Structure formats: C-alpha cells, structure tokens
Amino acid sequence: MSGTYNVTDLTRVTNGSVNLTGPVTSLGSLMISGGTTNLSSGTDLSVRTLTLTGGTLTGADKLTVGEDLTWNGGTMAGVGVTETRVNGAMTLGGRRRPSTGAT
C-alpha cells in the first residue's frame, strides 16, 4: 500500500501479503495470524498491542509496542526493530514476562 494508512482500532492480517510502504498515520493494535506483514514506511511506528500467532512480521521500520506484546507463533524478520515500552508486558510462547524496554 503506497497511500496513507490510518486505522485507529485494529489492523488484522490473516493471510496474503500486506506491504505498508507509504505514510502510516496509525495501525491501532496489530494482530498477525498468517501471511506476511511488511512495515517499510520509512518512519518509526507504534501500536497499542502486538499479537503474533503466525505468519511473518518483517520490514525496515522500528515498531514500538505501547502496552502488551504477545508472541505465540510466527516469525519476526527483516532489519526493523520491535521494542516494548517499560510499562508493557511480553507473553512469549504463552509465558508472560515483564518488559525490559527492548526486544
């Protein structure tokens, strides 16, 4: 998608390929259960929550998770960075862990 992307509630990817290469105003919360999500807009992005249960999160953008990050399956790839805020929490493979501020 090369146009402006602005979703304030939930961005859900279940299959196929989503390529966000244009301006991104808001992703809301991000839920990926399948397919490939490519975040390469050229800017730092943030989401309220990130849930990755399948598929692939990739790209070059820095993604900051403001609240909870849940990663029970799927892959994070690419040169981008995914980080959590200090007050957030991470659930990895079903086990909840307090955030250290970076992933």
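Being more than 19 Å from D9 (Cα to Cα) and β-branched (V, I, T) is the filter here; which residues of the range 54-83 pass it? Passing the criteria: T56, T58, T75, V79, V81, T82.
Can you go through T82, T37, T51 and tell me which one is free of Cβ contacts under 8 Å to residues at least 24 places away in the same chain and of a type in the set (V, I, T)?
Within the list T82, T37, T51, the selection yields T51.
The rows are residues; the columns are (1) farther than 25 Å from G3 by Cβ; (2) assigned to a strand (DSSP E or B).
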site	(1), (2)
T25	no, yes
N38	no, yes
S41	no, no
T64	no, yes
W71	yes, yes
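Among residues of the range 43-57 being part of a strand (DSSP E or B) and surrounded by fewer than 18 Cβ atoms within 10 Å (Cβ to Cβ), the one that is nearest to the chain's Cα centre (by Cα) is S46.
So, S17, is that one more than 11 Å from the chain's Cα centre (by Cα) and on the phi < 0 side of the Ramachandran plot or not? So S17 passes the test.
Throughout, read-outs are computed from the coordinates displayed, never taken from laboratory work. Fair warning: this is a prediction, and the values are worked out from it, not measured in the lab. Backbone-built Cβ (ideal geometry, glycine too); neighbour counts: all protein chains shown.
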